[in-house]
1. Please work out the C-alpha center-to-center distance from the range A:69-107 to the range A:36-51 and express it in whole Å.
2. Among A:197, A:207, A:185, which residue has its Cα positioned farthest towards the positive end of the charge dipole of the range A:163-223, with +1 placed on the Cβ of Lys and Arg, -1 on the Cβ of Asp and Glu, and the dipole taken about the Cα centre?
3. Provide the percentage of antiparallel DSSP beta bridges, counting only those with both residues in chain A; round to the nearest 5.
4. Taking the Cβ of residue B:50 as the center, what net charge do the other residues with Cβ under 10 Å away carry, scoring Lys and Arg +1 and Asp and Glu -1?
5. Order of A:125-137, B:34-46 by packing, highest average Cβ count within 10 Å first?
6. Charges only on Cβ, +1 for Lys and Arg, -1 for Asp and Glu: so what's the dipole of the range A:198-356 about the Cα centre, in debye to the nearest 20?
7. Would you mind computing Rg(Cα) / (2.2 N^0.38 Å) for the range A:198-356, counting N as its residues?
8. Might you tell me the accessible area per residue for the protein assembly as shown, computed with a 1.4 Å probe and given in Å²?
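The values are calculated or read from the model by the stated rules, or taken from the named source; none is laboratory data. Note that the coordinates shown come from a computational prediction; the quantities given were computed from them, not determined experimentally. We place every Cβ from the backbone using ideal geometry, glycine too, and count neighbours over all the protein chains shown. SASA here: full protein model, heavy atoms, side chains in, ligands and nucleic acids out. Shrake-Rupley method; radii C 1.70, N 1.55, O 1.52, S 1.80 Å.
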Amino acid sequence: MDSSKNAVFDAVVIGGGIAGLQSALDLAGQGYKTAVVEKDASIGGKMIRLSKVFPTLDCASCITTPKMAAAAHHENITLYTWCDVQRVEKDATGVSVSMIQRPRYVDIDKCIGCRKCEYNCPVLVPDTEQGGFSGRKAIRIPFSNAIPQKALLDVENCMLCGKCADVCPTKAIRYDQKPEPRRIAAKTAILATGYELSSVTGKPQYGNGDIPNVIDSLQMERLLAPHGPYGRVLRPSDGMIPDSIAYVQCAGSRDASMGVSYCSRFCCMYAVKQAMLLSGSLPLADITIYYMDIRAFGKNYEQFYQNAKAMGIEFVKAKVASLDAGQGGAVTVRYEDQTGEGATSRDHDLVVLSMGVLPGFAPGGVCPVGLGPDGFIQSVLPKLSPSVTDLEGVFVAGVAAGPKDIVDTITEAGAAAMQAAKYLTALSGKAPGAANKESSHE
Amino acid sequence: MSQDISAALVSKETLKALRAERRDWIAGASALARENKKARKAVMDRLAVASATVPEITEATGLPPDTALWMVASLKKFGEVVESEKDGSFYRYALAAEAAQAQEA
């Protein structure tokens, strides 16, 4: 459905990741008109960027893409991508979301996603969608299965050479597009704003991001993805096939010095998952996981962990003290082995840091919703109704309420949609479509 | 470098104003495009001789190994380069056109 500048909906979902999409689909399926507001140029969130999911090792995009497509084609869902939420206000009439539609510098009604502009653009910049391991053009479709499949121009890296406009078959390029304010009014809102990883630059002991071949877990997801930057796992400094890969757990969590004193909950399992995938794609490589505790708390997670051990993945109970650049592109890991060797070190070809999980949305000054001490949105009924916030009619879903895995995120998103539907029904006294059904019976 | 983009529904005056407004960005992007062009040519020239690993490309072009790999990965994405056979701890890369010809032959 097309988005318009001022629009009225039954519900607005802020965040178009897996939680937001699940909530929107559940609400739309019940007949509620729903808007999804996403800050990126594509919906899909973090999950569409992953390789596989644990503990089933199902392809992440095979799960996410159908939900993205279903949301995009649903008659009750309107997508607003590439938008910055400025304010979420709640009053007696409902929720009002003010936002800025950032310019794509492309007329999305005209763009057919042919990528001719992208192929002809002469400027290559690091592609953050691929962990920075390959280049993207100044004008591009964000990634191969992005929705919407529409180009956007990074104007800060555009030299206005005109090649994209010249080759565009539908004349969709708009170099002079401006940000546009938009306003959405709805009766209820779901905050599904997800997370960001803490930065590798925040820990001097781990090199502040300056040591070659030290990457974060989302970069490893891209190396493992079939449509990743190299099409296989290679060492980013020189393209070597790594013989020895290490994971440093709690690299950005349970660490008050980084401001993340809490456990990020899903790092243990994604490290185990990535290690299993690596041992499949690089059968001769040594894979080591340095951990403080392995938290395998979900259904079949312990079995998954035991399977990883049985596959030969080495688990070393140790807190890594520091990382240093070693010889020939290696990374020296210094740690205290808690099972006997004491302070020691080992070299690896590639080191993956399991960084901490930070809230993806800082509502301060934007939305008057209550936060917990960790900065995530606080649930007022964490045991009975975890999606209920202190703002009546505003619900929370997924990692916006605290770190959790995909299974719990999807379950909670469904719960948030049910809470929102219950709220809407209580407001009107009728479920959507009930009036139609009643009149058809008369 | 500049082409006629009047067909893009932007008047010449608007374009002139945009060029003035974005002068610093345009200068940065132009410098980047020149660097990209040079690195791309160096990699393509080396691969035109024969398939090569990243260290071989580095040796021939003088590019740092991470830059050489980055350029190869970018060229691979846009279909100009393909991965060839494994060579020790590295993979070889070849020009897509030559690889296709070799396959046909």
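1. 14 Å
2. After comparing all options, I get A:185.
3. 55 percent
4. Working: positive: B:46, B:92; negative: B:56, B:98.
Result for the neighbourhood of residue B:50: 0.
5. Values: A:125-137: 20.5, B:34-46: 16.0.
Descending packing order for the listed peptides: A:125-137, B:34-46.
6. Values: 14 positive and 16 negative charges, 110 e Å.
For the range A:198-356, the charge dipole is close to 520 debye.
7. Values: Rg = 14.6 Å, N = 159, 2.2 N^0.38 = 15.1 Å.
For the range A:198-356, the normalised Cα radius of gyration is 0.97.
8. 43 Å²
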